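Each remark here refers to the structure printed beneath this line.
The values are calculated or read from the model by the stated rules, or taken from the named source; none is laboratory data. Note that the coordinates shown come from a computational prediction; the quantities given were computed from them, not determined experimentally. Glycine also receives a Cβ, built like all others from the backbone with ideal geometry; neighbour counts cover every protein chain displayed. Heads up: the accessible areas ignore ligands, DNA and RNA and are worked out on the full protein's heavy atoms, side chains in. Shrake-Rupley method; radii C 1.70, N 1.55, O 1.52, S 1.80 Å.
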Amino acid sequence: MRQPIPLRIFQGPTETERDTSRPVMLVGFQHQGNLGLGYLTSVLRQYGYSVQVVDIEQAPDKILETAQEINPVLIGFSLIFQFFIERYGDLLHGLRERGVDCHFTMGGHFPSLSYEQTLELVPELDSVVRFEGEMTLVELADAISTGREWRNIHGIAYRRDDQIVATPARALVEDLDQLPYPERNYEPEAVLGRSIMPILASRGCARTCSFCSIHTFYRAAPGRIVRTRKPAEVVREMRMLHEERGISIFLFQDDDFPLFGNVWRRWAGEFVDELHRNGLPGKVIWKMNCRADAVDRELFIRMRDAGLYLVYMGLESGSEQGLETLHKQITVEQNIRAVNILKSIGLMFEYGFMLLDPSSTFESVRENLNFLRTILADGCLPVTFCRMLPYDGTPIKDELVRTGRLRGDVCNPDYDFLDPRLADFYEGLTSLVNVRGWIHGFQALTTQLTWAWHELATMRRLFPKLPGMSRYEKSLRRITKESNDLLLRIVEDLSYIFSDGKQNTWDPEEVEKHRERFLAELLAVRDKFVYRHEAILLNALESDAMPLVTAESARVAASA
């Protein structure tokens, strides 16, 4: 019999006066779980506080009702994306108007790096918790609960008269293994009944991409930028979640999974060994994020055999100029090489990609389209792309400010292209193509196709071999390839319409009919395959004591 996993104790302020009679309330996005809130919750509870986590996507009246019912000592708001700050501001304003008078604080990348702007945009805030907030929030709750002065706490910002004051930054958590496991008090999502949970192996990112605020966030506070947990501790948490909650699919949310360089390659090797030592391969599968230059055939074969089934890479551009502007410090050839390695060893991949960035030209747009044609020629995945946005705390935003090209506001940051016709091109693209219908949003064709490929990868790794799977995969590839070819052709034609004045022969209604046809065909093919093998899927779940899933509930989950 396995020994129980001991309670983890995070060493923090142990001889501090505190009054834990009132709870702490934390508000943030909970889609797929929020590990940031999870760690804050577990540390607060370790020091005796009860914690109520509330999903920001609940109705404001429901959030108000919770606050009035529990009377928290403070409410902490977790802001992940800066363009939601108006939504948070409206919520805080409503809470104050309805009589909620406790301390309001906010944390996240944007509040940490742009604390002055945050406090100006959300006047109802009393403070901002900057950078990693576990111990800062405990100390803040301790001081407020006992009526002590809280403005001298390290790691916060606040208003003093007409000025905004930032106290000295608190050091990043040095030993991640001293943190208790994050609280996961929510129902996990599932793929065909196999439950999914997020997990972390590390914090921080050593890379310096110009469009990303993550490395700025970790460099602005004292301490080591990248810290890894011990492989044995990560696997111990996975084993606990598998045995106690039936989790079969783990999504590593590390900004950059520890792989690149000799030290992190050794870490990855030890992690694989620990997975085998604990008997988890064959029982669990896992996804992680990495850069293309970290993809090594031998290492990834070992990780695949230990449960790795999905690799997310921020490829970002198929243009050398674009990669240089984004400071990816990688080449187009390296990106293609990584994709080819993953395909050759049977690993599914997903990717981030920016069709347009501040250095874009019509030539680079077409280079990007040809790159997507190259990596997706076999119909292995649907086309996805976005336009780079200049977020606060990023070097590229600072450069746009310096050159006078920054436009928009905090919720809708924008910039001028060097060639103004590109702005007309992008506007024309969004007018002709329902981009949310094709690429973005839960109902988008790209989202649905990606989910179908995700299901297929899950079937291969966590279910018995299903008859007709090869035919099903062939159908998925055909639908994916046909929709990709059409979308890429439309975008390329539009580029020539706006650069060379060619005539537009595409009709928005016809384009939308094509999208609806692809989506309908996908759902019909997918549902037919799942329904046909419902008994096998259910039997596999029953034999593993997993929650049952029906074809109908799986279909609903896939289209949610």
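Per-residue Karplus couplings for segment 209-215, computed as 6.51 cos²θ - 1.76 cosθ + 1.60 with θ equal to phi - 60°, are listed in order as 4, 6, 9, 10, 8, 5, 5 Hz, Gly and Pro entered as x.
If you take the Cα atoms of the chain, find Rg, then find the Kirkwood Rh from the mean of 1/r over all pairs, what is Rg/Rh? Write out the running numbers ahead of the final one.
Numbers: Rg = 24.5 Å, Rh = 25.4 Å.
Rounded to two decimals, Rg over Rh is 0.96.
Heavy-atom accessible surface of the chain, averaged per residue, reaches 43 Å², computed with a 1.4 Å probe.
Can you send over the carbon and sulfur percentage of the accessible area for segment 385-541, probe radius 1.4 Å, protein chains only? Kindly include the intermediate steps, with their values, before the conclusion.
Values: 4030 of 7620 Å².
Looking at segment 385-541 in its full context, I get 53 percent from C and S.
Only protein heavy atoms count here; on that basis, with a 1.4 Å probe, Arg532 has an accessible area of about 130 Å². Note on surface exposure: Trp267, Trp506 rank Trp506, Trp267 by accessible area, highest first, 1.4 Å probe. Under 5 Å between amide hydrogens, built in the peptide plane, is the criterion, and for Ile439 it picks out Leu445, Thr446 among residues at least 5 positions away or on other chains.
Less than 5 angstrom separates the built amide H of Asp414 from those of Arg407, Gly408, Asp409, all sequence-distant by 5 or more or on a different chain.
Starting from 0.36 nm per residue, how many nanometres of slack lie between Arg160 and Glu542 once their C-alpha separation is accounted for?
On the way: separation 382, 0.36 × 382 = 137.52 nm, distance 6.04 nm.
Stretched fully, the Arg160-Glu542 segment lengthens by 131.5 nm.
May I ask you to work out the translational diffusion coefficient for segment 187-263 at 10 °C, viscosity 1.306 mPa s, via Stokes-Einstein with Rh from the Kirkwood sum over Cα pairs, reported in whole µm²/s?
Numbers: Rh = 14.2 Å.
In µm²/s, the coefficient rounds to 112.
Using R0 = 30 Å, the C-beta based FRET efficiency linking Arg460 and Glu427 works out to 0.10. Residue order by solvent-accessible surface for Phe81, Phe271 is Phe81, Phe271, largest first, with ligands and nucleic acids left out and a 1.4 Å probe.
What FRET efficiency comes out for Asp419 versus Glu320 if R0 is 22 angstrom and r is the Cβ-Cβ distance? Round to the nearest 0.05. Efficiency, rounded to the nearest 0.05: 0.75. Annotation: extensible slack from Lys474 through Glu65 equals 142.1 nm (criterion: 0.36 nm per residue apart, minus Cα-Cα distance).
Altogether, the Stokes-Einstein calculation at 25 °C and 0.890 mPa s, with the Kirkwood radius of segment 362-418 over Cα pairs as Rh, returns a diffusion coefficient of 182 µm²/s.
Listed by chain and number, the lysines whose C-alpha is less than 30 Å from the C-alpha of Lys481, apart from same-chain residues fewer than 8 away, are Lys287, Lys328, Lys343, Lys465, Lys502, Lys513, Lys528. Surface composition of segment 167-221: carbon plus sulfur atoms hold 53% of the accessible area, using a 1.4 angstrom probe and ignoring ligands, DNA and RNA.
Around the amide H of Gly352, modelled in the peptide plane, lie the amide H atoms of Met313, Gly314, Leu315, Glu316, all under 5 Å away and 5 or more residues distant in sequence or on another chain. Just checking the chain: which Cys have no other cysteine's beta-carbon under 4.7 Å? Lacking a cysteine Cβ partner under 4.7 Å: Cys102, Cys205, Cys290, Cys380, Cys386, Cys411. Rounded to whole Å, the principal axis extents of the Cα atoms in segment 177-224 read 40, 29, 15, largest first. Only alpha carbons enter this Debye calculation for segment 313-462, each as an equal point scatterer, and the log10 of I(q)/I(0) it gives at q = 0.13, 0.19 Å⁻¹ is -0.67, -1.28.
Determine, at each q value in 0.12, 0.16 (inverse angstroms), the log₁₀ of I(q)/I(0) that the Debye formula gives when each Cα of segment 65-127 is one equal point scatterer. With one equal scatterer per Cα and no solvent, log10 I(q)/I(0) is -0.27, -0.47.
When N counts the residues of segment 242-383, how does its alpha-carbon radius of gyration compare numerically with 2.2 N^0.38 Å, as a ratio? Display every interim value, and only then the final one.
Details: Rg = 16.5 Å, N = 142, 2.2 N^0.38 = 14.5 Å.
Here the Cα radius of gyration is 1.14 times the empirical estimate.
Sorted on the mean count of surrounding Cβ atoms within 10 Å across their residues, most packed first, peptides 280-288, 103-111 read 103-111, 280-288.
Plainly put, segment 449-501 has a radius of gyration that is 1.27 times its Kirkwood radius, both from alpha-carbon atoms, as the Rg/Rh ratio.
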